[in-house]
Amino acid sequence: MVRARLGNLEEQVRVAQESVAVARVQVDNTEIRAPFSGVVVAKSAQPGEMISPISAGGGFTRTGIGTIVDMDSLEIQVDVNESFINRVAPGQPVEAVLNAYPDWKIPGEVIAIIPTADRSKATVKVRVALRQKDRRIVPDMGVRVSFLSAPSAPGAPPAGAAGVLVPAAAVRVEGKAGVVFVFADDKVQRRAVTLGQSVGPDRQVLSGLSAGERVVLSPPASLGDGAAVKLAAGS
C-alpha cells in the first residue's frame, strides 16, 4: 500500500516537472530575439496587436514586429543597363557618391552580378560592397556609382581584354586592318596587326604584336619593310 502511494507521488512529481519545462518554453516564446545584431529602423507592430509568422487576416495581426539593419554590412544595389553589363565583373573597383554628400567619394567593389534581367527596364542588378564604413551611410540613401577599370601595367590591355597597347601614332591604319613597324637589330619589320578599341592616346592591338616589342612612332609613308633605322638618343 505504501509502495503504491510512493509510486503515485513520484509520478505526480514527474508530471509537475514536465509542466514546468512546458511553462519555461512558453515563457521563452514571449521573448523576441533578433537573428543578428543591428539597429531597428522601422517598427511595424503596436501594443495590443497580434504577431504571427503568416498572415491570418484582420487588422490586428502582424507578420513582423520591426525591421533591423546590420550597419556593418550595408551594400549598394544598382541597376546597370544590359548593354553595358559586359563591362562589369566581380571584384571590379567602384566609386560611390551619396546624393547627400556629393563631394565624398566612397571606395567599393563589385560583389556579384545578379543572374537575371529586368525586361521592363532592360537592366541587370549588381551588388556593390562599400570598403569604407561611416555613420553617415544609412539605408535607402540615393547614390551614384561609377565602375572603374583596374589599374594596368604600361603596355597592358584594358581589364578583360587581350593583346597589348601601343601609341596610336605608331599604328598605320589600312582599311580595317593595321600595320606597325617593329624595331629589332637596327632594322624594322612591317607587321600586320588586328586592331581593337582606342584607349586614350593608345590603341589596342589584339594580335600580331607581343608585349615588350618596340614599335616605330609616327612611321613615315616612305618607311618600308627591312629598312635600317637608328634609335634616337634616350630611346
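For residue 46, the stated conditions do not hold, so it cannot be described as polar (S, T, N, Q) and at pLDDT 85 or above. Residues in segment 157-194 that are part of a loop (DSSP other than H, G, I, E, B), farther than 27 Å from residue 92 by Cα, at pLDDT below 85 and aliphatic (A, V, I, L, M): none. The requirement of being surrounded by 10 or more Cβ atoms within 10 Å (Cβ to Cβ), among the hydrophobic types (A, V, I, L, M, F, W, C) and out of contact with any Leu (no Cβ under 6 Å at 6 or more places or on another chain) is satisfied by residue 23.
Checked across segment 142-156, the condition of being in contact with an Asp or Glu (Cβ under 8 Å, 6 or more places away or on another chain), modelled with pLDDT of 85 or more and aliphatic (A, V, I, L, M) holds for at least one residue.
Among the conditions (1) closer than 17 Å to residue 133 by Cα; (2) aliphatic (A, V, I, L, M); (3) out of contact with any Phe, Trp or Tyr (no Cβ under 9 Å at 6 or more places or on another chain), residue 97 misses just one, which is (3). Quick one: in segment 127-141, which of the residues that are closer than 19 Å to residue 112 by Cα and part of a loop (DSSP other than H, G, I, E, B) is modelled with the highest pLDDT? It comes out as 131.
Residues of segment 110-136 that are surrounded by fewer than 16 Cβ atoms within 10 Å (Cβ to Cβ), within 17 Å of residue 98 (Cα to Cα) and either of a type in the set (Val, Ile, Thr) or out of contact with any strand residue (DSSP E or B) (no Cβ under 9 Å at 6 or more places or on another chain) (or both): 133, 135.
The values are calculated or read from the model by the stated rules, or taken from the named source; none is laboratory data. No experiment lies behind these values; they were computed from the predicted model shown. Reconstructed Cβ throughout: ideal geometry from the backbone, glycine too, with neighbour counts over all protein chains shown.
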